[in-house]
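Reading through the structure tokens given below for one structure.
None of the figures in this text is laboratory data; all of them are computed from the coordinates on show. Since the structure is predicted, the reported quantities are computational estimates derived from the model, not experimental observations. Note that each Cβ is placed from the backbone with ideal geometry, even for glycine, and that neighbours are counted across all protein chains shown.
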Amino acid sequence: MRCGVNLTSPRVVPYVQELLDDSSADFCEILIDNFLHLDPCQVRDVIGDVPVGFHIMWSRFMEREESELQFIARQVREWVKFLKPVYISDHLAQFSFRGRMLPLLAEVDYQRVYGRACQRVSFWQHELGCRLLIENFPSTLDKDGCQVDFYRQLQDETGCGLLFDCSNAVIAQLNCGVDISKWESLALSTPNYHIAGFRKTSGEPSIAIDTHDVLIEEQSYGVLKSIFEENRLSEEEITVVVERDANIDVLAWKEELDSVRKIYGSIS
Amino acid sequence: MRLESYLNPSMARSFANGTHERELASCALRNLWHIVFDPCPSLLQLASPDGKTIMEPFLVWAEDKNLTMSWSMHIHLLNWMEHTQSHGIKIADETKRELVVASAIRWAAGNMIDAKNLSHLAILIRSKSLNGYIVGARKAATADGDLEVKLLQGGGSSEALGSDEYALVSVPTGWEHGEWKPIPV
């Protein structure tokens, strides 16, 4: 199992370097949006010779014009040639509404956008030249749990994969009552995972929001543990990225990486 | 869920108390508040303690103008404030500079907001609110570097400059730029 950290911007390089240098992490997921204007060898120089994944945040592949996506894909492909990522992952969400950027990512209406999602995921994969992993969304309003069936059908239709975020599944359960067991077969079909901290809003009803700036909840570790218990994939294939975007405390991050390794060690 | 509510406080308040919809819209508007005020501390002083006297009417205006709320938002906010000085707010030069710098930084930090940005390394912004200088912001030049913000001589007088403009820079050093263009909506 490769236990990784997320590199979100040049500003967090010193933290990530420390965690890679002392072997707390042995995998680095690069939020490629914030580095794509650079030469990829610069990133290799600062993270060293560790395996990498590419995470994409702002492709907005559901919304953006195809010509722009093609332009972005050309850049990403150059990075793929050089850094050879284990995977490329992206987000399926609503970033804008009637051309206006939203200050909080919104969940798509799964039934309404299914056809477009299939078309766009296929197109985006074709342009990137590889299979894409789509991260499950930290649901807030998906009361019927449509997301799980949506992802299953999307995978069947387009051949894309799932980047399973354990914490997002916990958030969906807290906000919408979607039982985590609904994700089981999908979560076990992928070797690539995320885990991170989330906050609960102070209002009533409180909503869990994916923030990556606080400690990981026990429930999220519990989801990861049950995946490890059931997952029959080889040790080399599995990646778990402990995400931290803000309010970074290297010692706490190190302890969380250590917790993930201990959970894995306890069942293997 | 009416997603307009993520950018419209009165619509957010129209959701019934105790609903996920209302809480979500509040959360979105709180994020927007931070996007607006965090890079501009002196702006908040003009509308203390909670920024509402600026934020709420600006958002009404922004919706009317269909602003994209992308990197150019702070420049539009500055222009809106300049045109609505009837409520007696004097905008200090420091605040004007903060607002233009906020837009430039948002451009430099948001590689993928506009895909065309990817092939450019820096932005220059000249505003009729800034007499005598231009704001430049450059993306991080190295994988562990920070973005660079610079105030450059030039820009001309407010009379000479009809409207605010920006120009993109493709060279890794210096500020040699392409043509000046109007600030996008």
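Measure up A:LYS143/A:LYS182; A:LYS143/A:LYS200; A:LYS84/A:LYS225 against 25 Å on the Cα-Cα distance and list the ones that go over. Those over the limit are A:LYS84/A:LYS225. Placing +1 on the Cβ of every Lys and Arg and -1 on the Cβ of every Asp and Glu, with no other charges, gives chain B a dipole of roughly 80 debye about its Cα centre.
The alpha carbon convex hull volume per residue for chain B rounds to 139 Å³. In loop segments of the range A:41-116 as defined by DSSP, the trypsin sites (Lys or Arg not before Pro) with at most 16 further C-beta atoms inside 10 Å of their C-beta are A:ARG98. The Rg/Rh ratio of the range B:19-58, with both radii computed over alpha carbons and Rh defined as the Kirkwood radius, is 1.04.
Equivalent-ellipsoid semi-axes for the range B:84-185 (Cα gyration tensor, √(5λ), whole Å, largest first): 25, 15, 13. If R0 is 60 Å, the Cβ-Cβ spacing of A:PHE97 and A:ASP22 corresponds to a FRET efficiency of close to 0.85.
Span-like helix criteria (full DSSP H runs; alpha carbon extent of at least 24 Å along the helix axis; mean Kyte-Doolittle hydropathy of at least -1.0) are satisfied in chain A by A:66-83, A:110-128, A:250-267.
Can you spot the lysines whose alpha carbon is less than 18 Å from B:LYS52's alpha carbon? Ignore those fewer than 8 places along the same chain. Here the lysines satisfying the reach criterion relative to B:LYS52 are B:LYS90.
With N counted as the residues of chain A, its alpha-carbon radius of gyration over 2.2 N^0.38 Å works out to 0.96. Of all DSSP beta bridges confined to chain A, the antiparallel ones make up roughly 20%. Restricting the trypsin sites (Lys or Arg not before Pro) of the range B:6-69 to loop positions (DSSP other than H, G, I, E, B) with no more than 11 neighbouring Cβ atoms within 10 Å leaves B:LYS65.
Over the protein assembly as shown, dividing the summed -39,500 (n - 2.57) contributions of all DSSP H runs of at least 4 residues by the number of residues returns a 222 nm mean residue ellipticity of -13000 deg cm²/dmol.
Could you list B:HIS83, B:HIS76 so that the one with the fewest beta carbons within 10 Å of its beta carbon is first and the one with the most is last?
B:HIS83, B:HIS76
Taking Cα atoms only, the orientation of helix B:20-37 departs from the longest principal axis of chain B by about 30 degrees. Computed log10 I(q)/I(0) for the range A:87-212 at 0.09, 0.12, 0.18 Å⁻¹: -0.25, -0.44, -1.02, from the Debye equation with unit scatterers placed on every C-alpha and solvent omitted. The angle separating the long axis of helix B:73-83 from the principal Cα axis of greatest extent in chain B is about 80 degrees.
Loop-located trypsin sites (Lys or Arg not before Pro) in the range A:187-268 (DSSP state not H, G, I, E or B) with no more than 14 neighbouring Cβ atoms inside 10 Å: A:ARG232.
Against the main long axis of the alpha-carbon atoms of chain B, helix B:52-64 sits at an angle near 80°. Altogether, the Stokes-Einstein calculation at 37 °C and 0.692 mPa s, with the Kirkwood radius of the protein assembly as shown over Cα pairs as Rh, returns a diffusion coefficient of 141 µm²/s.
For chain A, the dipole from Cβ point charges (+1 on Lys and Arg, -1 on Asp and Glu) about the Cα centre works out to 600 debye, to the nearest 20.
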